[in-house]
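The values are calculated or read from the model by the stated rules, or taken from the named source; none is laboratory data. Not measured: the values here are computed from a predicted model. Positions of Cβ are backbone-derived with ideal geometry, glycine not excepted, and every protein chain shown enters the neighbour counts. Ligands, DNA and RNA are excluded from the accessible area calculation, which covers all protein heavy atoms including side chains. Shrake-Rupley method; radii C 1.70, N 1.55, O 1.52, S 1.80 Å.
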Amino acid sequence: FGKELVEVFDDPRIQDEVRAWAALALGELGTPEGVQALMRGVADGSEDHRASRYACAWALGAAGAHEAVPALAELLGNPSSSLRKISAYSLGVIGDEAALKALPKALSDDAPEVRWTAAIWLGSRRQACAAGVLGRYLDRKAVEEAFPQKGQEQNRETVLAGSARAAAMLRDASLRPALEALARDPSPATSMAAKQALLAWDRPELE
């Protein structure tokens with residue numbers, strides 16, 4: 001089945017949406033041939049293949065493709081914030097030494113969603129460089145300023161809760177006051193996430 005998927009992915013006649021779905025499936029399979037196809041897709045900067053390039057970047061993370069780290073790291077400088085974000089995500093999923101060395105670049109990205117994605121992965125991998133960005137995204141006001149768009153309410157709660165979980169993994173003392181303040185947040189879900197994070201902080205044996 002993997003071979004047929006690669007053939008579909010490489011077929012120049014198919015629509016890019018179909019190519020993207022093939023890329024996602026190849027990432028789940030994680031075969032060597034599939035990873036090579038995904039690497040070709042990530043390197044393809046054609047405007048006709050924007051959706052499938054994004055899917056390839058995600059799929060390389062899903063496949064745990066260590067050999068893709070240099071290509072994903074290069075995408076952290078791409079003009080598209082969506083592509084930078086998904087590249088940061090996949091580097092975090094892969095999480096090897098090379099990926100963790102490349103990922104801090106995204107902490108200073110212009111786009112808040114890219115900075116946050118890098119921070120939660122680095123925090124969960126106990127990389128001290130994530131503390132500054134995580135501290136900002138443990139603060140509701142700062143999160144509302146970073147994600148001010150209408151209809152982003154759920155996204156803001158996700159950012160706060162994800163930051164709480166990453167802070168619990170990092171256990172940087174400078175983050176503890178912000179996490180304790182977040183435990184008193186008016187949102188029940190966010191408050192609960194912060195309380196669970198504090199419990200995990202205090203009882204690492206529960207991880």
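Taking the range 37-76 as the range and being open to solvent by 40 Å² or more (accessible area, probe 1.4 Å) and closer than 18 Å to D109 by Cβ as the test, the residues that pass are Y54, W58, E74. Return yes or no: is R184 outside any helix (DSSP H, G or I), open to solvent by 30 Å² or more (accessible area, probe 1.4 Å) and either within 22 Å of S87 (Cα to Cα) or at pLDDT 95 or above (or both)? Considered against the rule, which asks whether it is outside any helix (DSSP H, G or I), open to solvent by 30 Å² or more (accessible area, probe 1.4 Å) and either within 22 Å of S87 (Cα to Cα) or at pLDDT 95 or above (or both), R184 comes out as yes. Looking at the range 154-174, which of its residues are in a helix (DSSP H, G or I) and more than 15 Å from R140 (Cβ to Cβ)? Result: R165, A166, A168, M169, L170, A173, S174. Taken together, the criteria exclude K150 from residues that are among the basic types (K, R) and under 20 Å from the mean Cα position of the chain (by Cα). Of the residues making up the range 19-35, those that are out of contact with any helix residue (DSSP H, G or I) (no Cβ under 7 Å at 6 or more places or on another chain), farther than 21 Å from G92 by Cβ and surrounded by 15 or more Cβ atoms within 10 Å (Cβ to Cβ) number 1. Can you work out which of the residues in the range 112-153 that are assigned to a loop (DSSP other than H, G, I, E, B) and crowded, with 16+ Cβ neighbours inside 10 Å is modelled with the lowest pLDDT? Ranking the qualifying residues of the range 112-153, first place goes to F147.
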